[in-house]
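The values are calculated or read from the model by the stated rules, or taken from the named source; none is laboratory data. Please read all numbers here as calculations on a predicted model, not as lab measurements. Note that we place each Cβ from the backbone using ideal geometry, even for glycine, and neighbour counts take in every protein chain shown.
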Amino acid sequence: MFSNQDITRFANLETPFYYYDLALLQNTLAACASAAKVYNFHVHYAMKANFNDQVLQKIKSTGFGADCVSGGEVKKAIEVGFDNSKVVFAGVGKADKEINDALDNDIFCFNVESIQELVVIDELAAKKGKKAKVAIRINPNVDAHTHHNITTGLDENKFGINSWDLSDCAETLKKCAALEFIGIHFHIGSQITNLDVYKNLCVRVNEFATWFEERGFMIKVLNVGGGLGIDYHHPEQQIPDFPAYFAIFNEFLVVRTNQEVHFELGRALVGQCSSLISKVLYVKNGKKKNFIILDAGMTELMRPALYQAYHKIENISKGELAQVVNYDVVGPICESTDCFGKEVELAETERGDLIAIRSTGAYGEVMASRYNLRDTVNVAYNL
Ligand code: LLP
């Protein structure tokens, strides 16, 4: 909910802009940190969800590590001041330069996604006279029951090493003198709202951990990835149920003495702390449809066009008593998929009204593009 003071302030800012509620972010981070602490779980923030500087500063101050998926993210994490011993580097396609830079930064661990990658990291580390810590990202073939496009842990997905390649992987690890095996890593998908999915994941993690231990490998780290979803339909239910989430892992994961459990949360930490604020440029009342045309489009927020993702849309200029009309809410980009919502019930809307698209803190600003030679999106913070 926005206060009258917020709305008056928004009227003087150049739209469209991402509006960040840093106080809410702070509360969400504190809730996650205290829920994780109960079990001594370690959290790495999945930086891909949002690498806005102010957001990163808050996350770093919470003491979380950083989960990176490119050389750029590793560099940024170090620049922002994340402890290099808490930086992990995942991704199916790490380039040699990215690996070399990460080795130079002495990061905590590479989450390795293929046998070929193991060999390359071994060679590059050996050249530097270093030992690279590696965790094996295993594709556990667990269905995350989320949108097809953000499922990562099925056999058909490109991520991780498949179970049938693990014997080769173990043999390779034994041969690679410049690698130190520290554990196993999983990430089965994003926007997971059915917590039972995580029980299934725990069962598979336990099996794979035993498999490695039976072959003489010591597992120090069980990294179960991220994926905890948020409630896009109720943005006011702002802080995810971290205690329930961590309790599942505490109950179903077999953790031996001296083993650490690591998480890589992105969306759950930052998703609700931002809205995209946009202005209505035009209202077109057709025979079959009414269109609201915003000054924000898929260039500012790509999720609806890319995944048909739902974001709650509100007309924040009109009070509750206004008459309600059904609109297709669209952007100005020359693409038919540039649509934020179809048949959205909104207060009767006029040119100049402010529209809030909620829950855009994760995979919003970071996925913005300059397509159609659009300006870089603006940003504002709560005072
Ligand atoms: N760890 C790994 C290895 C990942 O690939 C991801 C996300 C995460 C952790 C964090 O997942 P989260 O806790 O945020 O669900 N752009 C899409 C989401 C892509 C997620 C990619 N990987 C969206 O807008 O829904």
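Across region 242-249, a minimum of one residue is classified as within 16 Å of the ligand (Cβ to nearest atom), over 19 Å from the mean Cα position of the chain (by Cα), buried (at least 18 other Cβ atoms within 10 Å of the Cβ) and aromatic (Phe, Trp, Tyr). Taking the conditions (1) touching a strand residue (DSSP E or B) at 6+ places or on another chain (Cβ under 6 Å); (2) on the phi > 0 side of the Ramachandran plot; (3) of a type outside the set (Ser, Thr, Tyr) in turn, GLU113 satisfies each one other than (2).
Any residue that is surrounded by 19 or more Cβ atoms within 10 Å (Cβ to Cβ) and assigned to a strand (DSSP E or B) - is there at least one of those in region 356-372? Within region 356-372 (the criterion being surrounded by 19 or more Cβ atoms within 10 Å (Cβ to Cβ) and assigned to a strand (DSSP E or B)), the answer is yes, since at least one residue qualifies.
Is there a residue being within 16 Å of the ligand (Cβ to nearest atom), surrounded by 15 or more Cβ atoms within 10 Å (Cβ to Cβ) and in a strand (DSSP E or B) anywhere in region 265-274? Within region 265-274, one or more residues are within 16 Å of the ligand (Cβ to nearest atom), surrounded by 15 or more Cβ atoms within 10 Å (Cβ to Cβ) and in a strand (DSSP E or B).
Filtering ALA49, ALA90, ALA66 for residues that are on the phi < 0 side of the Ramachandran plot, out of contact with any helix residue (DSSP H, G or I) (no Cβ under 8 Å at 6 or more places or on another chain) and within 13 Å of the ligand (Cβ to nearest atom) leaves a single hit, ALA90.
Taking the criterion of being among the polar types (S, T, N, Q), in the same structural domain as ALA35 (by TED's automatic domain parsing), outside any helix (DSSP H, G or I) and touching a residue at least 24 places away in the same chain (Cβ under 8 Å), would at least one residue in region 239-257 satisfy it? Checked against the condition, which is being among the polar types (S, T, N, Q), in the same structural domain as ALA35 (by TED's automatic domain parsing), outside any helix (DSSP H, G or I) and touching a residue at least 24 places away in the same chain (Cβ under 8 Å), region 239-257 yields no hits at all. Residues that are touching a residue at least 40 places away in the same chain (Cβ under 8 Å) and either within 20 Å of the chain's Cα centre (by Cα) or surrounded by 20 or more Cβ atoms within 10 Å (Cβ to Cβ) (or both) number at least 3 in the following helices (runs of 4 or more DSSP H) confined to region 1-105: 22-37, 53-62. Return a yes/no flag: does region 321-329 have any residue that is of a type in the set (A, V, I, L, M), in a loop (DSSP other than H, G, I, E, B) and under 27 Å from the mean Cα position of the chain (by Cα). No, that holds for no residue. Can you say whether LEU281 is of a type outside the set (Val, Ile, Thr), over 30 Å from PHE89 (Cα atoms) and either within 15 Å of the ligand (Cβ to nearest atom) or not in a loop (DSSP other than H, G, I, E, B) (or both), as far as the supplied structure shows? Answer is yes for this residue.
Output the residues belonging to region 185-198 that are within 13 Å of the ligand (Cβ to nearest atom) and on the phi < 0 side of the Ramachandran plot. Of everything in region 185-198, those that are within 13 Å of the ligand (Cβ to nearest atom) and on the phi < 0 side of the Ramachandran plot turn out to be HIS185, PHE186, HIS187, ILE188, SER190, ILE192, THR193, VAL197, TYR198. Of the set (1) surrounded by fewer than 19 Cβ atoms within 10 Å (Cβ to Cβ); (2) small (Gly, Ala, Ser); (3) within 28 Å of the chain's Cα centre (by Cα), all apply to GLY352 but (3).
In this structure, does PHE291 turn out to be closer than 28 Å to GLU348 by Cβ and of a type in the set (Phe, Trp, Tyr)? Yes. Restricting ALA309, ALA322 to residues that are within 16 Å of the ligand (Cβ to nearest atom), surrounded by fewer than 24 Cβ atoms within 10 Å (Cβ to Cβ) and outside the structural domain of ILE192 (by TED's automatic domain parsing) narrows the list to ALA309.
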